Amino acid sequence: MVTQQQVESALQSQRSLPQIRLGDALIQEKVITEQQLNDALQMQSKDRKMQLGEILVGMNAVSKEVIRRVLAQKLGIPFVVLSKFQFDPNLIKAVPGDLVRKHGVMPLYQTESRMVVAMGNPLASDAIQEFAFYTRLKVDPVMASQEDLDAVIKQFYGEHGDSQNISDLVSELDVGAESTAESALSSTITESDNTLVRLVNKIILDAFERGVSDIHIETVKGNKPSRVRFRKDGVMSHYSEIPFNFRNALVSRIKIMSRLDISEKRQPQDGKINFEQFGPAKIELRVVTIPTTEGLEDIVMRILAAPKAVSIESLGLSAYNLEGLKKLAIKPHGLLFVCGPTGSGKTTTLHSLLSYINTPDRKIWTVEDPIEITQEGLRQIQVHAKIEWTFAAALRSLLRADPDVIMVGETRDPETAHTVIEASLTGHLVFSTMHTNSAVESVVRLLDLGLDPFNFADALLGVVGQRLARRLCTSCHRAYSASDDELEMLAHEYCAETDLAPADVLAQWRKQYMLESGGITLFSAEGCPKCEDSGYKGRVGIHELLINSAGIKRKIHAKANVPEILHAAMAQGMRTLRQDGIEKIFQGHTNWEQIRTV
Ligand SMILES: [Zn+2]
């Protein structure tokens with residue numbers, strides 16, 4: 001049995017079998033006698049922790065193999081060949097390695113109310129109870145060979161944690177390096193070398209399991225090792241070094257996985273890895289090779305492993321922004337933009353909005369490049385600029401495909417801009433993103449693209465501006481009482497380029513955030529093992545929401561400039577990105593160091 005479907009149907013038929021105890025089954029099979037069973041049960045009554053199977057094996061009444069066969073045949077517990085099973089990496093991420101290693105139990109997949117786990121002894125009730133307690137799911141055990149279990153647990157969870165495992169692999173490479181020292185520069189290691197293949201798989205699996213967004217492989221000339229770094233939550237950090245004589249094979253291996261030309265070293269190449277073909281996880285990676293110097297190439301891989309859409313409530317929106325966005329998202333037609341620089345979480349926000357309105361009574365098309373988040377119920381289209389299947393072209397086709405809602409990955413050219421306006425004016429709800437710094441700037445940019453101000457003003461529902469700031473690690477953040485100087489500085493920053501008075505803002509903060517002791521608590525970044533000593537873990541969204549109104553429309557008609565539109569937007573309640581960020585400092589999510597650059 002190697003697929004989820006096979007295991008599911010075996011579990012179904014197991015449920016329809018009459019309930020039978022292991023002891024009775026063994027007697028029916030005539031592998032033990034009544035007397036042996038009674039002796040074993042008596043021993044068990046003295047020590048409830050001992051399992052009947054273990055006791056019988058200890059008594060030499062029966063072998064482990066026989067018990068396993070009886071479990072499979074009589075109790076109908078499915079036996080799974082793990083080496084060929086397609087594991088769910090998200091479940092693997094969700095179940096901690098300590099729990100898995102402690103019991104030697106491997107999670108296979110999860111349904112709404114149940115988790116199916118593979119174990120050597122599917123009657124081990126303590127393991128089942130602990131898994132059920134941790135996951136709050138009913139646990140269905142299936143059987144697997146101990147050898148298979150050990151192998152997959154090592155592969156997915158490592159023996160003593162991940163970092164040790166990668167250095168084990170690298171030191172294996174080093175041994176190889178010494179033995180071929182003379183020909184090291186010409187690299188006798190080929191791209192099909194077994195350890196190299198495992199190493200590349202390990203890098204990708206580690207990156208995925210750690211929630212890394214990008215893998216950077218940086219090659220250096222001469223006999224210096226290649227460096228592998230990971231970017232996570234926007235921050236680069238060292239991962240590993242690979243001995244220099246594996247440089248060519250490493251690059252070639254990744255090119256082969258990406259279906260790129262190995263011999264082309266002078267031109268950059270773009271490709272994609274469908275990791276499922278090479279390793280035990282459904283991970284997609286976008287790959288770029290960049291020629292650097294003297295025939296060397298760097299490789300950057302972006303992990304596209306389908307993350308799930310997050311709910312609109314968990315985006316960290318302020319009450320004003322959340323309520324406003326929800327109202328805009330259920331409009332029957334109009335145009336809603338999310339804007340921000342690369343990596344500011346625009347796609348995440350768009351998919352949260354889509355999931356909020358993703359109901360059977362709406363037809364939702366998306367046009368994306370690349371598709372980073374998949375959602376059931378959406379019809380998602382990948383654009384291919386090379387064959388002229390562009391955002392604008394796809395959008396024109398979709399207008400004939402009876403849509404209610406269309407999401408367009410990015411609006412960056414006049415043609416797409418005109419088409420999204422047309423789509424929203426003809427009765428569709430259109431979401432898109434722009435690569436601009438603020439909500440108001442997006443409005444001005446769209447006017448600059450040559451849109452008719454009256455059509456645009458009619459179509460526009462609103463614009464979300466956003467950033468991601470690093471979130472303080474809650475395991476080590478340190479609370480302190482903010483000094484008057486710090487509060488004044490924050491109030492000053494809060495009011496910059498607005499009509500607000502710092503003294504009023506300060507008074508409001510004291511009312512809202514002051515403790516009985518008279519101080520206002522802020523938090524500083526410290527550092528602990530949980531955040532790799534950075535003081536930060538994960539990120540927090542910073543937002544601003546410009547809601548179109550009669551006042552804003554007049555500004556658009558008049559092709560007003562940024563300060564004029566900003567003034568009108570703030571007068572109707574908008575808080576700027578920086579203001580939202582400062583609020584999030586007071587709420588304890590982040591600190592000024594992270595917000596000052598917003
Ligand atoms: Zn920490």
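The values are calculated or read from the model by the stated rules, or taken from the named source; none is laboratory data. The shown structure was predicted, so the numbers you read here are calculated from the model rather than taken from an experiment. Cβ atoms come from the backbone with ideal geometry, glycine included; neighbour counts cover every protein chain shown.
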Just the residues that are under 36 Å from the mean Cα position of the chain (by Cα), more than 30 Å from K232 (Cβ to Cβ) and part of a loop (DSSP other than H, G, I, E, B), please, taken from region 505-534. I520
If R48 satisfies every condition in (1) without any contact (Cβ under 8 Å) to a residue 24 or more places away in the chain; (2) in contact with a Lys or Arg (Cβ under 9 Å, 6 or more places away or on another chain) but one, which is the exception? (2)
Give me the pairs, please: first residue somewhere in region 148-166 and polar (S, T, N, Q), second residue anywhere and modelled with pLDDT of 75 or more and part of a helix (DSSP H, G or I), beta-carbon distance under 7 Å, and either six or more positions apart or on two chains. N165/K202
Please verify whether G519 is within 30 Å of H418 (Cβ to Cβ), more than 16 Å from the ligand (Cβ to nearest atom) and of a type in the set (G, A, S), treating the condition exactly as stated. no
Quick check on L41: is it in a helix (DSSP H, G or I) and surrounded by 17 or more Cβ atoms within 10 Å (Cβ to Cβ)? no
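Conditions (1) under 32 Å from the mean Cα position of the chain (by Cα); (2) within 16 Å of the ligand (Cβ to nearest atom), marked per residue:
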residue	(1), (2)
L447	no, no
G465	yes, no
S475	yes, yes
A503	no, no
Y536	yes, yes
L545	yes, no
R554	no, no
From N38, N60, residue being under 21 Å from Q146 (Cβ atoms) and more than 40 Å from the chain's Cα centre (by Cα): N60
Would you confirm whether any residue within region 579-589 is over 18 Å from V505 (Cα atoms) and away from the ligand (no atom under 16 Å from the Cβ)? no
Just to be sure I understand the filter: pairs with C-beta atoms under 7 Å, separated by 6 or more residues or on different chains, first member in region 513-536 and on the phi > 0 side of the Ramachandran plot and free of Cβ contacts under 8 Å to residues at least 12 places away in the same chain, second member away from the ligand (no atom under 16 Å from the Cβ) and of a type in the set (G, A, S). Which pairs pass? none
